[in-house]
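The values are calculated or read from the model by the stated rules, or taken from the named source; none is laboratory data. Remember, predicted model here, so these are calculated numbers, not experimental data. Cβ placement follows ideal geometry from the backbone for every residue including glycine, while neighbour counts extend to all protein chains displayed.
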C-alpha cells in the first residue's frame, strides 16, 4: 500500500477552480476541457480547442493566474437547417491558479490539430536548490 501526502492547499486550489468553472460556465457559450499538470520545473496546460485558430485564442499569465479565453464562431448555416447541435459555440474564459510563481518570459504556447499546449516554466526563485555544506 502506498501513501500520499495530503496537501490541504492543493485541495483548496481545486475547490476554487471548480467554483470558478461553475461561475464561468453560465456566462460562456461553451467550456473547453483542460488538463493542467505539474513537473519539477514547469506547469503544462493542455486544452481541446478544435476548430479554433491562433487568432481566436488569447492567453494571459499574471500573479499566479493563467487565463485562457477565446471564441468559437458558429457556422454560417441557418439554424433551421440543423438536425442536432452538440458542439458549443461562442466565447469562453477559463482561469487557473498555480501556487508557484511562473517565469512569464519563458511561457510557450503551441496549437496543433486542435490541441493547445501551454508550457509555463516555474520561476528560478521558486525552484528547489541543493545547498552544499562546507
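The table for this structure:
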read-out: Set 110, 55: member being exposed (fewer than 13 other Cβ atoms within 10 Å of the Cβ), within 15 Å of the chain's Cα centre (by Cα) and not in a loop (DSSP other than H, G, I, E, B); value: 110
read-out: Unique residue being in contact with a helix residue (DSSP H, G or I) (Cβ under 7 Å, 6 or more places away or on another chain) and modelled with pLDDT under 90 when the list is 61, 100, 85, 77; value: 100
read-out: Residues satisfying the stated conditions in the stretch 119-134, i.e. surrounded by 10 or more Cβ atoms within 10 Å (Cβ to Cβ) and either in contact with a helix residue (DSSP H, G or I) (Cβ under 7 Å, 6 or more places away or on another chain) or more than 15 Å from residue 41 (Cβ to Cβ) (or both); value: 121
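Every residue, every condition in (1) farther than 13 Å from residue 99 by Cα; (2) touching a strand residue (DSSP E or B) at 6+ places or on another chain (Cβ under 8 Å); (3) surrounded by 10 or more Cβ atoms within 10 Å (Cβ to Cβ); (4) at pLDDT below 75, yes or no:
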{"site": "1", "(1), (2), (3), (4)": "yes, no, no, yes"}
{"site": "4", "(1), (2), (3), (4)": "yes, no, no, yes"}
{"site": "17", "(1), (2), (3), (4)": "no, yes, yes, yes"}
{"site": "21", "(1), (2), (3), (4)": "yes, yes, yes, yes"}
{"site": "29", "(1), (2), (3), (4)": "yes, yes, yes, yes"}
{"site": "35", "(1), (2), (3), (4)": "yes, yes, yes, no"}
